[in-house]
Every structure is written in C-alpha cells, then in structure tokens.
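Asks: Sharing a structure with you now.
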Amino acid sequence: MRPTKPTLEHSRIGIIFWIFSILWLMGYGHGWSMDNQDAWGGVPGETLEFDLQWLGIPAGRASIMMTTESVQRVNFEAEARTIGVLKIFGPFHDRIRAIARKGPVDFTSLEVFKDQRKGQDIRLTHDFFDWKNRLLTRNRQGEDLKGLPLEKPGTNDPVTGFFSIRSLPDFGPGKTIQKPMQVGWAIEEVTFRADGVERRLSPVGWFDVFRVRLEIPHSDLFHQPDDLVLWLTADRRRLPIRVESVLRLGRASADLIAYDDGRGGKKSADKEKK
C-alpha cells in the first residue's frame, strides 16, 4: 500500500469523524489527582461508542477512550470506520492518539498521531504543539515538514478540544464561549453556543441535555449555526449523546450507543446494530 497526499474530501470526512470518534479499549487510567465524582467532563476510564449515520443509512462506528500516563498527561485514543454499504463503496478506517497536558480546568494539546486509511491509501500524520517556540509542526508521510504559528494560548486539536469544552465548569446551558482550535491546517476561533436544558431520548436512555452549536468562521463546511451541533448531558459528565453535521451530500449524525463514564456508570443500547 502506498501513502498518498490528502484530498479535500478526505480531509472533510476526517474532520467529521474525529468529532464523532470513540475507541473501544479495555483498561483504566492511573495517577489522576482529583476525585472523579467532582470532575467536570470526561475522566480517565471514560469510553464512548457511537453509531454513525448518513442520510439515515448506517455508515460507521466510532469510539474514543481517555487514559492517563501520569498526573498531568492524558491520552485520548480514537477510531472511526465505515460499515455496511459504505464499507463496500467508500471504506475508510481512521485512528488517532492525542496526548495532552491536564491543567487546573481543561487540557492543552501536546501531540497528535493519525493513521488514516481509505481503501488502499494510507496517510500517516504527526502534529507537534511546540509551546516553547509557539509553533505547530506537521510531519506527514510523503509531504514536506510544515509549521503553523501558535499565537493563541490554549489552542487545541479537535479531539483534545472536545474534552476541554466538556471540562469547563463555566460553560453550560445558556452560555457562549470562544476557543482557538486547529481546524484542518489553520487555527480558528470557534464559538460554542449552548441552548437551554431539554429532555431527550437516546439509544442509552432519557437524559436532560443542552444543545451546543459550533460556529467556525472560515470553514467552508461548518460556517452556519446549525451545520455542526452536539447534545451534552446537563450534569458533570457532559456525555455527548448525539452529534449532527451538514455535509455537501446531506446530513450525518452520531448517536451514543454505549458508555462507561469512568465514575462507575455504564450503559449499552438494548439492541445494538451489527
């Protein structure tokens, strides 16, 4: 198999599925310095699994897990793959490992390793957040090394950013925040707008949730308020029970079908799709 340069369409699909991503792994974190019951957002040992759909058709599975290397370093390991009909016509299998530093409240991106496979094509990428020199560097197989200035503290890759937003105590129903995030090969000031609490049924049960709308100013894909929306539980865990996004060929969605919240709570959908 030969490494290939990324296409624009592959990049878009990658963004969508990294937002959806969830990896099923057995294992538990260690060295966490706080009481998990008092923590906001994801904690070590959290695992999430999603069904992905496109135009109402089963399209894939995604998963993510959080573990720790030490008191201040965490891993987010994620995977996304096609299933069913799409596995025949457009198969891909992406894996990602993001390493971040745990701060008093949220997380700071340090490194991201990607293994993206579309059919027989392979794309390997290593992004390094050099905070000392304020530079994000990318080493991608088959391409020249390139750099991007890290001008704003707290800039996250998408996976780490997903956990960071969930971990902020001051963000919740009725609140709006902005956070610098890596979007493709650019740094964008992403706006997160949270609606009020509503009751919603998911494959893993009923939850009080609030809807979060993401606005990415210069994105050609997510530039409207309803182009990328997620629903988080209105409790400390902020479990993502659903994600919806707009693609050029219709809407895609992801529903939480199983979780281990790292706090002792576990749940799986009664009838899991094969």
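Readers should treat all values here as calculations from the given coordinates under stated rules, not as data from a laboratory. Note that the coordinates shown come from a computational prediction; the quantities given were computed from them, not determined experimentally. For neighbour counting, all protein chains shown are included, and Cβ atoms are generated from backbone atoms with ideal geometry for every residue, glycine included.
Asks: Please give the residues of the stretch 36-60, grouped as numeric ranges, whose backbone N is less than 20 Å from a label point set 7 Å along the Cα-to-Cβ vector of Arg251.
Replies: Under 20 Å, as judged by backbone N against the label point of Arg251, lie 50-60 of the stretch 36-60.
Asks: Let me ask something additional. Fewest to most neighbouring Cβ within 10 Å: what's the order for Asp157, Asp115, Asp94, Asp38? Let's see the in-between values first.
Replies: On the way: Asp157 26, Asp115 14, Asp94 23, Asp38 8.
By the 10 Å Cβ count, ascending, the order reads Asp38, Asp115, Asp94, Asp157.
Asks: Scan the stretch 116-196 for GluC sites (Glu not before Pro) in coil per DSSP, keeping those whose Cβ has at most 12 other Cβ atoms within 10 Å, and list them by number.
Replies: Values: sites: Glu143, Glu151, Glu188, Glu189; in loops: Glu143, Glu151.
Answer by residue number: Glu151.
Asks: Related question: I'd like the Karplus ³J(HN,Hα) series for the stretch 198-206: coefficients 6.51, -1.76, 1.60, θ = phi - 60°, whole numbers in Hz, and an x wherever there's a Gly or Pro.
Replies: Working through the residues one at a time gives 9, 9, 9, 8, 10, x, 10, x, 7 Hz.
Asks: Then there's this: Classify the stretch 71-210: rounded, prolate or oblate, from the alpha-carbon gyration tensor (a ≥ b ≥ c, eigenvalue square roots; a/c under 1.5 rounded; otherwise prolate if a/b is larger than b/c)? Please list the in-between numbers first.
Replies: Details: a/c = 2.11, a/b = 1.12, b/c = 1.88.
Judged from the Cα gyration tensor, the stretch 71-210 comes out oblate (a/c at least 1.5, b/c at or above a/b).
Asks: Report the FRET efficiency, 1/(1 + (r/R0)^6), for Trp185 and His93, where r is their Cβ-Cβ distance and R0 is 30 Å, rounded to 0.05. Before the final figure, lay out the partial values.
Replies: Details: r = 22 Å, r/R0 = 0.74.
Efficiency, from the Cβ-Cβ distance: 0.85.
Asks: Among the listed pairs Lys114/Lys179; Lys118/Lys152; Lys132/Lys267; Lys132/Lys266, give every one whose C-alpha distance is greater than 30 Å. Please report the intermediate quantities before stating the final value.
Replies: Numbers: Lys114/Lys179 23 Å; Lys118/Lys152 33 Å; Lys132/Lys267 42 Å; Lys132/Lys266 40 Å.
Lys118/Lys152; Lys132/Lys267; Lys132/Lys266, as the Cα separations exceed 30 Å there.
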